[in-house]
Amino acid sequence: MVDEHLERLDTHGVSRRDFLALASAGAIAGATAGIAGLPSVAVASPDGKLAYLAWTSRVEYMIQASKAIEAASKALGLGYTFLDGQFDSQRQLNQFEQQATIGSGGIILHASDGSALKRIAQLSQDNQVYFANVWATLPWFTPFDASDYYTLYAVPEEFSAHRGVTAKLLETVTKDFGGGDIVAVTGVPGFSTDTVRSRGRDDAFKDFPKTRLVGQLPGNFNREDSLKVTEDLLARHKNIVGVVAQNDDVAQGVIAALRSAGLQPGKDVLVVGADGTSEGARAIVQGTQLATSANSPAYFGAFFTARLYDVTHGWKPRAAERLLYWRSVTTTRDNVDVYLKRYVDNDGVEPFDYRRLSKVLHPTDWDPQAEIFPLDIDQEWAGIPKPDGWTYPKAYLDAKTNGEWEAVTAEYRDHYKINFFGPSPNAKS
């Protein structure tokens with residue numbers, strides 16, 4: 001890794017050994033962050049505990065998540081570092097191995113795909129490093145197929161979330177235009193979240209017979225690729241009235257392409273997205289985006305940080321707590337102001353009580369601060385073939401049959417006090 005950066009830095013006459021001897025971890029991270037164009041990098045303390053392995057820094061969701069992870073880490077007394085995977089699963093595997101070797105106690109994996117997951121799970125076990133995984137995964141490979149060090153796989157419940165924003169689009173298109181042609185700009189092909197979002201989108205069309213999905217192309221979850229493929233879709237389909245974008249970065253690319261084509265987003269063509277990024281929320285206010293499914297990048301960051309804090313401080317999750325969903329909220333002009341005030345234009349007021357997310361710090365009054373419930377793997381990976389010889393993990397089946405599934409659902413519901421779609425718990429009255 002150092003050799004790669006020596007080639008890119010002005011290090012003429014400096015040996016690899018001298019470079020390592022002279023450069024602190026902070027200097028290396030700062031220099032490489034500047035090269036990569038990252039907005040900021042927080043460096044782990046010498047006894048640093050937490051690293052966030054994002055699959056790119058080109059997507060707004062991950063930058064917002066990183067800010068929340070940094071804030072939560074600070075509140076919980078953890079060091080923190082951010083690493084950019086640059087769309088490369090092998091790079092992320094190398095980054096994970098490096099972080100495990102230097103003694104990070106917890107790693108948040110935000111993978112570019114699931115191809116390296118089994119190897120990462122093995123590294124976590126070998127090095128006794130806890131990790132939690134979000135979004136991209138290897139379908140049908142669960143924490144139970146690895147070890148206790150793979151503590152959590154969690155995502156928003158995307159089928160109903162993306163169905164909800166699509167239904168909002170189709171309802172409005174039917175009302176305003178009498179129906180019409182819709183196109184979709186999807187994410188990364190094969191990405192598990194992209195697959196489940198597409199299933200939710202397609203299901204919504206059943207209720208709106210005057211609308212038709214006439215084409216789709218992958219925008220790879222970033223605005224640059226999405227702009228290009230939207231231009232292609234517009235050339236192929238002359239009469240579209242709506243676009244289902246697979247996230248809010250994709251929606252931004254779609255909006256830019258519509259403008260370049262002389263079309264008014266929000267009037268000539270309606271656009272919906274997902275995730276509830278800052279740009280997505282502002283676009284709803286401006287009228288260029290109709291809706292998003294707000295799961296909040298900050299929530300992912302806060303919740304995962306608290307989980308890694310807890311397991312590295314002795315707490316042990318039950319089986320039904322190792323695969324989890326959280327609930328997104330369909331966000332439109334009718335409710336976006338609440339979201340903006342808490343998560344976007346919040347004047348530096350943190351959106352969550354990070355310490356109350358911890359069951360270690362608040363054993364009796366912990367609060368998930370969102371609707372959390374166990375993840376159903378048959379719903380999450382429906383339509384994806386199971387590997388040969390695959391069987392349901394015993395711990396998962398036991399949790400579903402011995403009452404634990406219902407008990408965890410009820411417990412998280414009862415502890416949920418701070419409304420995800422209400423004011424920040426840190427806001428002054």
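The values are calculated or read from the model by the stated rules, or taken from the named source; none is laboratory data. Since we're looking at a predicted model, the values are computed, not measured. Note that each Cβ is placed from the backbone with ideal geometry, even for glycine, and that neighbours are counted across all protein chains shown. Heavy atoms of the whole protein, side chains included, go into the accessibility calculation; ligands, DNA and RNA do not. Shrake-Rupley method; radii C 1.70, N 1.55, O 1.52, S 1.80 Å.
Just how large is the dipole of the chain about the Cα centre, in debye to the nearest 20, putting +1 at every Lys and Arg Cβ and -1 at every Asp and Glu Cβ?
Working: 43 positive and 53 negative charges, 101 e Å.
Approximately 480 debye in magnitude.
Assuming R0 = 45 Å, what is the FRET efficiency of TYR416 and GLN264, from their Cβ-Cβ distance, to the nearest 0.05?
Details: r = 40 Å, r/R0 = 0.90.
Once the sixth-power term is evaluated, E becomes 0.65.
Over the Cα atoms of the chain, what Rg and Dmax result, in angstrom?
My reading of the Cα-based Rg and Dmax gives 21.8, 70 Å.
What does the highest-first list of 343-349, 419-425 look like by mean Cβ count within 10 Å? Write out the running numbers ahead of the final one.
Details: 343-349: 13.7, 419-425: 16.3.
Ranking the peptides 343-349, 419-425 by packing returns 419-425, 343-349.
Run the simple label-point estimate for LYS210 and ASN402 please: 7 Å along Cα→C-beta, distance reported in nm.
Taking the simple label geometry, LYS210 and ASN402 are separated by 5.4 nm.
Sorted by average packing, counted as other Cβ atoms within 10 angstrom per residue and highest first, what order do 372-385, 195-208, 66-79, 268-281 take?
Values: 372-385: 15.6, 195-208: 18.9, 66-79: 21.9, 268-281: 26.2.
The packing order, highest mean first, is 268-281, 66-79, 195-208, 372-385.
Kindly report the accessible area of the chain per residue (heavy atoms of protein chains, probe 1.4 Å, no ligands, DNA or RNA), in Å².
Working: 17840 Å² over 429 residues.
The answer is 42 Å² per residue.
Need the full-extension length gain, LYS428 to LYS316, defined as separation in residues times 0.36 nm minus the C-alpha distance. One decimal, nm.
Length gained, LYS428 through LYS316: 36.9 nm.
Could you give log10 I(q)/I(0) at q = 0.09, 0.16, 0.21 Å⁻¹ for region 62-175, computed by the Debye formula over C-alpha point scatterers of equal weight, without solvent?
-0.31, -0.79, -1.20
So what's the net charge close to ALA294: Lys and Arg +1, Asp and Glu -1, counting the other residues with Cβ under 14 Å from its Cβ? Don't skip to the end; give the middle numbers.
Working: positive: LYS168, ARG282, ARG327, ARG333, LYS341, ARG342; negative: GLU60, GLU157, GLU158, ASP248, ASP275, GLU279, ASP334, ASP337, GLU371.
With Lys, Arg at +1 and Asp, Glu at -1, the neighbours total -3.
What FRET efficiency would be calculated for the residue pair GLU171, THR101, taking the C-beta separation as r and a Förster radius of 56 Å, to the nearest 0.05?
0.60
What residue among HIS237, HIS415, HIS110 shows peak mean-square fluctuation when the chain is described by a Gaussian network model with Cα springs under 10 Å?
With Cα springs under 10 Å in the chain, the top fluctuation among HIS237, HIS415, HIS110 is at HIS237.
Report the extension gain between ASP203 and ILE384 in nm, rounded to one decimal, defined as 0.36 nm multiplied by the number of residues separating them, less their alpha carbon distance. Walk me through the numbers before you get to the answer.
On the way: separation 181, 0.36 × 181 = 65.16 nm, distance 1.65 nm.
Here the answer is 63.5 nm.
Share of Cα-Cα pairs in region 94-249 beyond 29 Å, in percent?
Working: 3974 of 12090 pairs.
Every Cα pair in region 94-249 considered, those over 29 Å come to 33 percent.
Amide H neighbours of GLY105 under 5 Å, at least 5 residues apart or on other chains, H built in the peptide plane: list them.
Close amide H contacts, sequence-distant or interchain: LYS49, LEU50.
In the Gaussian network model of the chain, springs joining C-alpha atoms below 10 Å, which of TYR354, TYR153, TYR416 carries the largest mean-square fluctuation?
TYR416
Roughly what % of Cα-Cα distances in region 141-199 sit above 14 Å, to the whole percent?
Numbers: 1162 of 1711 pairs.
Roughly 68 percent, rounded to a whole number.
Using the scaling law 2.2 N^0.38 Å as the reference, what is the normalised Cα Rg of region 283-343?
Numbers: Rg = 15.8 Å, N = 61, 2.2 N^0.38 = 10.5 Å.
The reported ratio for this selection is 1.51.
If you put +1 on each Lys and Arg Cβ and -1 on each Asp and Glu Cβ, how big is the dipole of region 127-271 around its Cα centre, in Debye rounded to 20?
Details: 15 positive and 18 negative charges, 121 e Å.
For region 127-271, the charge dipole is close to 580 debye.
If I fit a long axis through the Cα atoms of helix 158-177 and take the longest principal axis of the Cα atoms of the chain, what angle between them do I get, 0 to 90°, rounded to 10?
Between helix and principal axis, roughly 20 degrees.
Do the alpha carbons of any pairs in LYS316/LYS417; LYS74/LYS400; LYS118/LYS359 sit beyond 30 Å of each other, and which pairs?
Values: LYS316/LYS417 23 Å; LYS74/LYS400 36 Å; LYS118/LYS359 28 Å.
Result: LYS74/LYS400 exceed 30 Å.
Which percent of the accessible area of the chain is formed by carbon and sulfur heavy atoms (probe 1.4 angstrom)? Mind dumping the intermediate values first?
Values: 8740 of 17840 Å².
C and S atoms contribute 49 percent here.
Under the classification rounded if a/c is under 1.5, otherwise prolate if a/b is larger than b/c and oblate if not, where does region 291-410 fall, given a ≥ b ≥ c as square roots of the Cα gyration tensor eigenvalues? Mind dumping the intermediate values first?
Working: a/c = 2.45, a/b = 1.40, b/c = 1.75.
Oblate, because a/c is 1.5 or more while a/b does not exceed b/c.
Excluding residues on the same chain fewer than 8 positions from LYS238, give the aspartates and glutamates whose Cα lies under 20 Å from its Cα.
Cα-Cα hits under 20 Å: ASP176, ASP181, ASP268.
Based on the Cβ-Cβ distance from ASP376 to VAL338, what FRET efficiency comes out when R0 is 35 Å, to the nearest 0.05? Show your work: numbers first, answer last.
Values: r = 29 Å, r/R0 = 0.83.
So, using R0 = 35 Å, E works out to roughly 0.75.
For region 207-301, give the magnitude of the charge dipole about the Cα centre (Cβ charges: +1 Lys/Arg, -1 Asp/Glu; no others), in debye to the nearest 20. Can you show the working numbers first?
Values: 9 positive and 10 negative charges, 77 e Å.
The dipole of region 207-301 has a size of about 360 debye.
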